[in-house]
1. Helix 170-194 against the longest principal axis of the chain: what's the angle in degrees, Cα atoms only, rounded to the nearest 10?
2. Taking a ≥ b ≥ c as the square roots of the Cα gyration tensor eigenvalues, with a/c under 1.5 meaning rounded and otherwise prolate when a/b beats b/c, else oblate, which class fits the stretch 112-164?
3. Taking loop as defined by DSSP and a crowding limit of 16 other beta carbons within 10 Å, which chymotrypsin sites (Phe, Trp or Tyr not before Pro) in the stretch 12-73 fit?
4. Sequence-distant or interchain residues sharing an amide H contact under 5 Å with ILE12, placed H: which?
5. What ³J(HN,Hα) values, in whole Hz, does the Karplus curve 6.51 cos²θ - 1.76 cosθ + 1.60 give for the stretch 204-220 when θ = phi - 60°, with x put for Gly and Pro?
6. Can you work out the Karplus-derived ³J(HN,Hα) for every residue in the stretch 161-167? Use 6.51 cos²θ - 1.76 cosθ + 1.60 with θ = phi - 60°, whole Hz, and x for glycine or proline.
7. Residue by residue through the stretch 128-145, which ³J(HN,Hα) values in whole Hz follow from phi under the Karplus form 6.51 cos²θ - 1.76 cosθ + 1.60 (θ = phi - 60°), with glycine and proline marked x?
8. For the stretch 88-230, count the residues as N, evaluate 2.2 N^0.38 Å, and divide the Cα radius of gyration by that value, please.
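Nothing in this text is a laboratory measurement; each read-out follows from the coordinates by a stated rule. Quantities reported herein were computed from a predicted structural model and do not represent experimental measurements. Heads up, the Cβs are rebuilt from the backbone with ideal geometry, glycines too, and the neighbour counts pull from every protein chain shown.
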Amino acid sequence: MQARNDRDEPAIDWSLPITPPRWMPRRAYITAVSQLYHGEVATFTMCHNLRGLLSDAATQQFLDTQIADEARHIDLYRRYLERLGKIGPAEPTLEAALDGRFVWPGSPLGTIVAVHVLLEGEGLRVQREFGHWFPCRLLRSINANISPDEARHIAFGRRTLTAKLETLTQDERVEIYRWLEALWRECAVAASNDLPGLIRLSMGRRWINERWDRHRRVLVQTGLVSEDEVRLAA
Ligand SMILES: [Fe+2]
Ligand SMILES: [Fe+2]
């Protein structure tokens, strides 16, 4: 049956079979896809945390919409994983988001950077890479249904940050950058240790440095820090 929503996103055909890749053990496939589910739960939890930190009505209103979007995404991945048999454990970056380590103790803008730039940016990347590695048409159609929402959330984060980051002191912006890099690297190393052999082999130190370089470029574009301030943070 086709499930079409009223925002004209691509429909999901739940009659499609689940087709894990032949080269991957089923358990590893469940663990990998479970990260999409846990990513949604982490973002949902972080948005709840963030909403309590903000006083601006327009931002709160956007977050209410986003919280509803994330709840819908959680349901879609849960439904897929239930058909696969179970939900696997969360990887370290998502555990850190769930237990509050991605909440910046200073300005709420630090937490917006963590959620809307880092976590959501990472989520979209994982969705795209899974689309490339995994042939399952049902999973691809779920990802295609979700990704316009995610692009909207990321755009909101960038707009808000571009307008407001200049209100922070240089010290706080550099500290936010330093905190995010250290936390992200710690989680990336722990995540690569947990992955099955083939994928882990492609995730060495160089892979982690390249990944962080992409985040760094986005953080500079967003206005968190300049390239000179990145050097200052090192
Ligand atoms: Fe989402
Ligand atoms: Fe999102």
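1. 30
2. It comes out prolate by the Cα gyration axes.
3. Sparse-neighbourhood loop chymotrypsin sites (Phe, Trp or Tyr not before Pro): TRP14, TRP23.
4. Those lying under 5 Å, H to H, from ILE12 are ALA3.
5. Each residue's phi maps through the Karplus curve to give x, 4, 4, 4, 5, 4, 5, 4, 5, 3, 5, 4, 4, 4, 5, 5, 5 Hz.
6. 5, 4, 6, 10, 4, 5, 7
7. Each residue's phi maps through the Karplus curve to give 5, 5, 5, x, 7, 7, 9, x, 4, 5, 5, 4, 4, 6, 5, 4, 5, 5 Hz.
8. 1.09
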